[in-house]
Amino acid sequence: MKGLCFLKSSQDPAVYTRNSKGNTLIVGVYVDDLIITGSNSEDVIEFKEQMKNDFEMSDLGLRAYYLGIEVAQCKWGITLRQTAYAKRILEQFGMQNCNPARSPIESHLKVGKDEGDEEVDPTEYRRVVGCLRYLTLTRPDLSYSVGIASRFMEKPTALHLPIVKRVLRYVKGTLDYGLNYGRRQEFEHLVGFSDSDLGGDKVGSKSTSGMVFYIGRSVITWKSQKQKTVALSSCEAEFMAATSAACQTIWLANLVKEPTGQQVEPVTLFVDNKSAIALMRNPVFHGRSKHINIHFHFIRECVEHGQIIVEHVNSKDQRADIFTKALAQVKFIEMRNMLGVTDPELSPV
């Protein structure tokens, strides 16, 4: 790639970029598979010919399938889904004829360890959780429920098995769901949402952080993760979640800037806790922050340098809420639609 005048991304070593005569060519590399895109179709054709001269390669045309992800391109945009993979998971674990569920986890469910319950086969439990984790590549709506199931892989019991089965039942009812990306003419702003519950983990009383980032209306990355330390208040939990989101923000901004060459404007991060926002903006707000580990104060520096703009968002519009707790069905479906996870056959964006 370097011999063809490509530059390796400093943010992602699998991404290569070449700029020539105002045109940009971007190549994603995974072992011997390449994804090629660019602003000029002639550059794409030229690159393919260059690669064929040096390697035995097959041109598969428009991307339709990549590492288990099905890609459909049409006039209104692109859809990413894993329908075939989801069907294989259901068949592999004998759930292909199960009754569908409308949500992947029961509302307000909090699960802990139950030493007295009957143990289940840990190998089989880990296999199904691992398969479901790969399914979250195109299904952010599964992130929280699969994350909860992942916490008990060391010693799963009969208490934890129904959680996995509930997720599989939900997958059964949403096989064709995936991410939908509408066509855009120009680069749109990068924005993020950060949220946290408080002490939702029954085992260690730790909170769960959730974040999701958009370019325009299209979701590009997300995360649901248990925090590493116990928060003493909702303000502290939200502050720690926002700091984690700030690290992701800086990386995303640099990742977007490198191949496009466009200067990314300060990223707006939406948080629904006003006390946490005050803590991010005011470094003298000592009373509530003196006990917080120093590395969590990274977000203050980002705000001070103008890299991130922190804004308040109403809790009902907090799109990261789906990554922090088990929502009621109506709220869950509403949040899922905000993520753009729908059946592309029924509701194109």
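The values are calculated or read from the model by the stated rules, or taken from the named source; none is laboratory data. Predicted, not measured: the structure shown is a model, and the values here were computed from it. A quick note on method: Cβ atoms are made from the backbone with ideal geometry, for glycine too, and the neighbour counts reach across all protein chains shown. Ligands, DNA and RNA are stripped out before the accessible areas are found, and what is left, the full protein with its side chains, is counted by its heavy atoms. Shrake-Rupley method; radii C 1.70, N 1.55, O 1.52, S 1.80 Å.
Being modelled with pLDDT of 95 or more and either aromatic (Phe, Trp, Tyr) or open to solvent by 30 Å² or more (accessible area, probe 1.4 Å) (or both) is a property that does not hold for Arg139. Close contacts from region 114-137, counting a first residue that is in a loop (DSSP other than H, G, I, E, B) and a second that is of a type in the set (Val, Ile, Thr) and modelled with pLDDT of 90 or more, with Cβ to Cβ under 8 Å and a gap of 6+ residues or different chains, come to Thr136/Val146; Leu137/Ile69. Of all residues in region 154-201, those being of a type in the set (Lys, Arg) and part of a loop (DSSP other than H, G, I, E, B) number 3. Residues of region 215-227 being outside any strand (DSSP E or B) and of a type in the set (S, T, N, Q), which ones? Residue satisfying the conditions is Gln227 alone. If only residues of region 105-125 that are open to solvent by 70 Å² or more (accessible area, probe 1.4 Å) and of a type outside the set (D, E, K, R) are counted, the one that is nearest to Ile333 (Cα to Cα) is His108.
Inclusion of Trp251 among residues that are closer than 25 Å to Gly28 by Cβ and at pLDDT 95 or above is not warranted.
Val212 meets the conditions (1) touching a Ser or Thr at 6+ places or on another chain (Cβ under 8 Å); (2) open to solvent by 10 Å² or more (accessible area, probe 1.4 Å); (3) in a strand (DSSP E or B) in every case but one. The failed one is (2). Out of the residues in region 231-280 meeting the condition of being touching a Phe, Trp or Tyr at 6+ places or on another chain (Cβ under 9 Å) and of a type in the set (Asp, Glu), tell me which one is farthest from Ser194 (Cα to Cα). Per the stated criteria, the residue is Glu236. Candidates Asp141, Asp117, Asp59, Asp121: the one that is among the charged types (D, E, K, R) and touching a Ser or Thr at 6+ places or on another chain (Cβ under 6 Å) is Asp117.
Scanning region 224-247 for residues that are under 14 Å from the mean Cα position of the chain (by Cα) and crowded, with 20+ Cβ neighbours inside 10 Å returns Ser224, Ser244, Ala245.
When the residues of region 148-207 are filtered to those that are open to solvent by 50 Å² or more (accessible area, probe 1.4 Å) and among the aliphatic types (A, V, I, L, M), the one that is farthest from the chain's Cα centre (by Cα) is Leu159. Annotation: of all residues in region 255-271 being surrounded by fewer than 16 Cβ atoms within 10 Å (Cβ to Cβ) and over 13 Å from Ile26 (Cα atoms), the one that is modelled with the highest pLDDT is Glu265.
Residue-wise test of (1) open to solvent by less than 50 Å² (accessible area, probe 1.4 Å); (2) assigned to a strand (DSSP E or B); (3) hydroxyl-bearing (Ser, Thr, Tyr); (4) within 20 Å of Arg133 (Cβ to Cβ).
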{"residue": "Arg18", "(1), (2), (3), (4)": "yes, yes, no, no"}
{"residue": "Gly28", "(1), (2), (3), (4)": "yes, yes, no, no"}
{"residue": "Glu46", "(1), (2), (3), (4)": "no, no, no, no"}
{"residue": "Asn53", "(1), (2), (3), (4)": "no, no, no, no"}
{"residue": "Val71", "(1), (2), (3), (4)": "yes, yes, no, no"}
{"residue": "Lys87", "(1), (2), (3), (4)": "no, no, no, yes"}
{"residue": "Glu91", "(1), (2), (3), (4)": "no, no, no, yes"}
{"residue": "Asn99", "(1), (2), (3), (4)": "no, no, no, no"}
{"residue": "Ser103", "(1), (2), (3), (4)": "yes, no, yes, yes"}
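Hey, does region 68-79 have a residue that's on the phi > 0 side of the Ramachandran plot and either at pLDDT 95 or above or within 18 Å of the chain's Cα centre (by Cα) (or both)? The answer is yes, given that some residue of region 68-79 is on the phi > 0 side of the Ramachandran plot and either at pLDDT 95 or above or within 18 Å of the chain's Cα centre (by Cα) (or both).
Looking across region 308-324, the residues that are touching a residue at least 60 places away in the same chain (Cβ under 8 Å) and either among the polar types (S, T, N, Q) or open to solvent by 70 Å² or more (accessible area, probe 1.4 Å) (or both) come down to Gln318, Arg319, Thr324.
Kindly check whether there is at least one residue in region 277-293 that is at pLDDT 90 or above and either within 24 Å of Lys228 (Cβ to Cβ) or over 20 Å from the mean Cα position of the chain (by Cα) (or both). Yes, some residue in region 277-293 is at pLDDT 90 or above and either within 24 Å of Lys228 (Cβ to Cβ) or over 20 Å from the mean Cα position of the chain (by Cα) (or both). Beta carbons closer than 6 Å, at least 6 apart along the sequence or on distinct chains, pair a first residue in region 238-267 that is over 16 Å from Tyr214 (Cα atoms) with a second that is open to solvent by 60 Å² or more (accessible area, probe 1.4 Å) and in a helix (DSSP H, G or I) for Thr243/Phe298.
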